[in-house]
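In what follows, a structure is listed as structure tokens, so that the remarks can point back to it.
The values are calculated or read from the model by the stated rules, or taken from the named source; none is laboratory data. Note that the coordinates shown come from a computational prediction; the quantities given were computed from them, not determined experimentally. Reconstructed Cβ throughout: ideal geometry from the backbone, glycine too, with neighbour counts over all protein chains shown. The protein model used for the area step is the full one, side chains on, heavy atoms only, and it has no ligands, DNA or RNA in it. Shrake-Rupley method; radii C 1.70, N 1.55, O 1.52, S 1.80 Å.
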Amino acid sequence: MTHAAIRPFSINVPQEEIDDLRRRIAATRWPEKETVADQSQGVPLATMQELVRYWANDYDFGRVEARLNALPQFLTEIDGLDIHFIHIKSPHENALPLIITHGWPGSVIEMLNVVGPLTDPTAHGGDAADAFDVVVPSMPGYGFSGKPQATGWDPVHIAEAWIALMRRLGYQRFVAQGGDWGAQITDVMGAKAPPELLGIHSNMPGTVPPDVSKALTSNVFGTGHPAPSGLSADEQRAYDRLSFLFTKGVGYALEMGNRPQTLYGLADSPCALAAWMLDHDAYSLEDIAQAFAGDPVDNLTRDEVLDNITMTWLTNTGISSGRLYWENTLGFFDVKDVKVPAAVSVFPRELYQAPRSWTEQAYPKLIYFNELDRGNHFAAWQEPELFTTEVRAAFRSLR
């Protein structure tokens with residue numbers, strides 16, 4: 001078997017692993033309630049107690065295995081590491097190959113509700129002319145991909161691996177999409193601009209100009225540089241959101257960026273893992289807390305959230321996924337020198353709303369820009385129909 005072999009893959013979770021998870025959930029030891037009436041101290045006790053109650057009593061532990069095994073999954077070795085990916089070919093001719101990259105604390109679970117509409121639009125009220133072949137890989141250290149045993153698997157390396165993966169699958173032309181880490185990896189692919197890559201789409205674009213980025217970064221460490229002068233209203237709004245994020249909203253990223261190995265609780269306690277994964281950003285936490293209060297915001301339901309946490313637990317990837325922050329050397333929201341045609345969708349509850357002015361500077365070949373009226377950081381997961389519509393529109397001019 002050559003290194004380039006692509007092997008079919010399916011999930012088979014041993015019952016003893018489910019039993020062990022159930023036992024650990026039942027044995028959760030609780031702290032006292034937070035001393036504030038909001039989420040400023042982190043994930044509220046009430047949210048976690050309801051999550052653990054639902055996980056223990058109502059959640060179907062077979063969901064993850066069944067949902068993933070319903071789709072064609074594969075493993076292939078790239079640079080010594082097994083990469084897990086979902087690959088669905090469209091029933092329509094001339095489908096455009098598309099690679100979608102997830103983020104943290106997400107996984108391929110985020111994309112399960114968009115692969116059908118993207119690959120078979122006519123079965124979901126769309127047009128055959130908008131069909132895609134869809135590839136959804138698990139990043140190294142995430143889900144069922146291998147865990148790097150040595151350093152070097154940063155977003156740039158992953159971008160190179162994805163280009164290699166699409167070539168290995170025989171695609172001579174393709175497009176790429178991403179949010180969160182996936183957005184950064186997709187931007188890097190666009191900066192590398194391999195001849196096969198026709199264009200990219202991002203729902204968390206890297207648009208922040210260098211002078212703005214410098215001021216924001218200094219604020220993390222409390223030196224408090226003022227914002228650059230002359231910002232428009234939209235740019236000031238983006239600056240203010242990012243300033244809040246960098247000072248109050250990325251504690252988890254700083255810890256994983258500095259000391260990912262210290263987080264043993266993520267491997268040992270299901271409750272610790274769940275709380276850590278819920279506390280990604282204030283808006284997402286609000287929406288997820290609402291789901292566990294029985295009122296989900298569109299598709300971000302209790303079951304969807306627990307599918308992602310359960311898969312992370314069963315693969316023991318709490319720490320291996322966090323190492324990506326340690327590996328990374330790029331600014332999350334910085335301009336990445338994308339050379340290919342680019343499309344951007346701005347969701348209102350994203351970490352920041354990219355202003356059109358910054359977006360046009362960051363992506364010289366901007367082919368699509370749209371600001372939506374709903375949706376958060378987990379765009380594909382929470383709003384699969386909106387996301388599908390955006391991806392179709394984003395790439396229409398490149399077919």
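Of the residues A275, A238, A267, the single one that is crowded, with 19+ Cβ neighbours inside 10 Å and either in contact with a Cys (Cβ under 6 Å, 6 or more places away or on another chain) or within 23 Å of T28 (Cα to Cα) (or both) is A275.
With respect to the stated conditions, S284 is within 19 Å of M204 (Cα to Cα) and either open to solvent by less than 40 Å² (accessible area, probe 1.4 Å) or aromatic (F, W, Y) (or both).
Taking region 10-26 as the region of interest, how many residues are out of contact with any helix residue (DSSP H, G or I) (no Cβ under 9 Å at 6 or more places or on another chain) and either under 19 Å from S269 (Cβ atoms) or surrounded by 11 or more Cβ atoms within 10 Å (Cβ to Cβ) (or both)?
As a first pass, look at region 10-26 and keep what is out of contact with any helix residue (DSSP H, G or I) (no Cβ under 9 Å at 6 or more places or on another chain): 14-16, 19-20, 23.
Imposing the further condition that a residue be either under 19 Å from S269 (Cβ atoms) or surrounded by 11 or more Cβ atoms within 10 Å (Cβ to Cβ) (or both) reduces the set to 16, 19-20, 23.
Count: 4.
Taking the numbered list (1) under 30 Å from R67 (Cα atoms); (2) assigned to a loop (DSSP other than H, G, I, E, B) in turn, A354 passes all entries but (1). The set of residues in region 97-111 that are within 23 Å of A393 (Cβ to Cβ) and either in contact with a helix residue (DSSP H, G or I) (Cβ under 6 Å, 6 or more places away or on another chain) or at pLDDT below 95 (or both) comprises I99, I100, T101, H102, G103, E110, M111. Taking the criterion of being open to solvent by 60 Å² or more (accessible area, probe 1.4 Å) and either of a type in the set (S, T, Y) or not in a strand (DSSP E or B) (or both), the residues of region 70-79 that qualify are A70, D79.
Here is a check on your reading of the model: is V64 buried (at least 17 other Cβ atoms within 10 Å of the Cβ) and assigned to a loop (DSSP other than H, G, I, E, B)? Judged against the criteria, V64 is not a match.
A search for C-beta distances below 8 Å between a residue of region 39-58 that is closer than 19 Å to Y283 by Cβ and any residue that is in a helix (DSSP H, G or I) and among the basic types (K, R), counting only pairs 6+ apart in sequence or on different chains, returns L51/R302.
Any residue that is modelled with pLDDT of 95 or more, among the small types (G, A, S), open to solvent by 10 Å² or more (accessible area, probe 1.4 Å) and not in a helix (DSSP H, G or I) - is there at least one of those in region 147-154? So far as region 147-154 goes, yes, one or more of its residues are modelled with pLDDT of 95 or more, among the small types (G, A, S), open to solvent by 10 Å² or more (accessible area, probe 1.4 Å) and not in a helix (DSSP H, G or I).
Scan region 337-395 for residues that are among the acidic types (D, E), buried (at least 21 other Cβ atoms within 10 Å of the Cβ) and over 15 Å from the mean Cα position of the chain (by Cα) and jot them down.
Initially, region 337-395 is screened for residues among the acidic types (D, E), giving 337, 350, 360, 371, 373, 383, 385, 390.
Narrowing the set further to residues that are buried (at least 21 other Cβ atoms within 10 Å of the Cβ) leaves 350, 383, 390.
Hit for region 337-395 is E390, nothing else.
State yes or no: is G322 without any contact (Cβ under 8 Å) to a residue 60 or more places away in the chain, under 16 Å from the mean Cα position of the chain (by Cα) and surrounded by 20 or more Cβ atoms within 10 Å (Cβ to Cβ)? Break it down into steps so the answer makes sense when it comes.
Details: without any contact (Cβ under 8 Å) to a residue 60 or more places away in the chain: no; under 16 Å from the mean Cα position of the chain (by Cα): yes; surrounded by 20 or more Cβ atoms within 10 Å (Cβ to Cβ): yes.
Here the answer is no, as G322 does not meet what is asked.
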